[in-house]
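Reading through the structure tokens given below for one structure.
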Amino acid sequence: MKKLVLMLAAASMAASVSAQTVAESKAFDNVYVGINGGVATKTTGHKWLSDLDPNAGIRIGRYFTPVFGLAIEGNAYFSNKPWTSTGTVVRATNASLLGTVNLSNLFGGYKGEPRTFEVSALYGLGWMHVFTSNKAFKDATADNRNRMTSKAALDFAFNFGSEKQFQFYVEPSINFAFLGQSKNKELVATGNALNPVALADHQEYGYKAASQAGQPAYNINNSFVQLNAGLVYKFKNSNGTHNFTIVTPRDQAEIDALNAQINELRNRKPEVITKEVVKEVPSVKVKEFTVSDLVFVTFAQGKSVLTKEAKAALNNVKEGVHVQVVGTASPEGSKELNDRLSQARADVVANYLKGRGVIVDEATGKGVQGVTSNRLAVVYVK
């Protein structure tokens, strides 16, 4: 049993984290898809609650780091308020390329899994097309039914699911149509010699204007505010998780010391433990456990899910043998959490081995062992 404790301590040190680093992602890791819907209305010039336009959309994106990402979003708008009717069910569509910044991770750091509640900022550019079946409207708006747009938003998100693979968010945003004028006034000729110019409203630019008068510019009068809610699913990554994971940078001196410990144990001559029950009963040999009798299974921080590598290691345990499983946890969380997590790790290993015909005598969670991170389970083959 002393060797088991020693090997457990050595393996725990080998799995320790001296500094947290996000694991490298493959090309299609950290990809998500979502749907959203809500209402929109022009920012100025009318009553908001009486002129709400319903919309629905889809968003596909990828997180490149726990802080930064990109998303493509498309929305369809189904009402004409407060504008003139275009005669179609879908008045307009808007497609945008959005940059995303997770403000919670930017300022609070990433701890190995998403927070339950997060706040993200989004900004991007897009392209809007206005549909119509009205010939007069089509002719009158021939030059401005396609327009560049800009969106700025905040996402207030709630992550949920067994691995926080789902996200529900509420998103207020403001969307600008680049229609040309940055101001509502312009200098015009009056024809009066005493007062040749005067300040006047743009002839084709009121708050309901749809003209391309001049160069693209932000103007609050050519914008609409939007309040949407959405549901997101984060696809499973190549390592079996749905979110970024933390890897364990190693100190080379620590690695060398651990290798020396393991080599010393491997080369140590097995001891034989005997116990005399009574004088008439012959001594009984108790099997000695060596390094080769131990299988180490590591886990991601806060997780109790077996990776492909872990399953490959467990597949080396032969059918019909007896084993003891010990699970441990790293010291970041509370004692209650770590006790529960270490037991979950022991149980998931035990259940996997049972499914392969291995006889599990005991599966125990030991909580935190030592002061370093030891997110693992040790299989003690008898």
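The values are calculated or read from the model by the stated rules, or taken from the named source; none is laboratory data. Note that the coordinates shown come from a computational prediction; the quantities given were computed from them, not determined experimentally. So basically every Cβ, Gly included, is an ideal-geometry build from the backbone, and we count neighbours across all protein chains shown.
For the stretch 162-170, does any single residue satisfy the condition of being part of a strand (DSSP E or B) and more than 23 Å from the chain's Cα centre (by Cα)? Full working, then the answer.
We begin by selecting, within the stretch 162-170, every residue part of a strand (DSSP E or B); these are 166-170.
Checking which are more than 23 Å from the chain's Cα centre (by Cα) leaves us with none.
Scanning the stretch 162-170 turns up no residue that is part of a strand (DSSP E or B) and more than 23 Å from the chain's Cα centre (by Cα).
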Are any residues in the stretch 227-248 at pLDDT 95 or above and surrounded by 17 or more Cβ atoms within 10 Å (Cβ to Cβ), and if so, which ones?
ASN228, GLY230, VAL232, LYS234
It is to be established whether one or more residues within the stretch 32-48 are surrounded by 19 or more Cβ atoms within 10 Å (Cβ to Cβ) and under 21 Å from SER104 (Cα atoms).
yes
Restrict the check to the stretch 184-202 and report whether at least one residue is in contact with an Asp or Glu (Cβ under 8 Å, 6 or more places away or on another chain) and at pLDDT 90 or above.
no
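Check whether at least one residue in the stretch 21-30 is farther than 30 Å from THR298 by Cα and either at pLDDT 85 or above or surrounded by fewer than 15 Cβ atoms within 10 Å (Cβ to Cβ) (or both), and report yes or no. Reasoning before the result, please.
So the first thing to find is which residues in the stretch 21-30 are farther than 30 Å from THR298 by Cα, and the list is none.
The answer is no; no qualifying residue exists.
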Identify the single condition in (1) modelled with pLDDT under 90; (2) on the phi < 0 side of the Ramachandran plot; (3) in a loop (DSSP other than H, G, I, E, B) that SER12 does not satisfy, given that it satisfies every other one.
(3)
Within the stretch 88-107, does at least one residue satisfy the condition of being of a type in the set (Gly, Ala, Ser), under 30 Å from THR328 (Cα atoms) and assigned by TED's automatic domain parsing to the domain that holds GLU171?
yes
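For (1) buried (at least 17 other Cβ atoms within 10 Å of the Cβ); (2) free of Cβ contacts under 8 Å to residues at least 40 places away in the same chain; (3) under 17 Å from GLY69 (Cα atoms), each residue gets a yes or a no:
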position: THR88; (1), (2), (3): no, no, no
position: ASN94; (1), (2), (3): yes, no, no
position: GLY99; (1), (2), (3): no, yes, yes
position: THR132; (1), (2), (3): yes, no, no
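Based on this model, can you work out whether ALA92 counts as more than 25 Å from SER238 (Cα to Cα), modelled with pLDDT of 90 or more and small (Gly, Ala, Ser)?
On the way: more than 25 Å from SER238 (Cα to Cα): yes; modelled with pLDDT of 90 or more: yes; small (Gly, Ala, Ser): yes.
So ALA92 passes the test.
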Filter the stretch 33-67 for residues that are of a type in the set (A, V, I, L, M, F, W, C), under 25 Å from the mean Cα position of the chain (by Cα) and part of a loop (DSSP other than H, G, I, E, B) and give the result.
PHE64, VAL67
Can you tell me which residues in the stretch 299-339 are surrounded by 19 or more Cβ atoms within 10 Å (Cβ to Cβ), hydroxyl-bearing (Ser, Thr, Tyr) and modelled with pLDDT of 85 or more?
SER304, THR328
Qualifying position, being at negative phi and assigned to a loop (DSSP other than H, G, I, E, B), among GLU336, GLU332, GLU309, GLU362:
GLU332
Can you tell me how many residues within the stretch 94-112 are out of contact with any Ser or Thr (no Cβ under 8 Å at 6 or more places or on another chain) and not in a helix (DSSP H, G or I)?
7
Just one of the numbered conditions (1) out of contact with any Pro (no Cβ under 8 Å at 6 or more places or on another chain); (2) assigned to a helix (DSSP H, G or I); (3) of a type in the set (S, T, N, Q) is not true of SER85; which one?
(2)
In the stretch 68-83, which residues are crowded, with 18+ Cβ neighbours inside 10 Å and modelled with pLDDT under 95?
TYR77, SER79
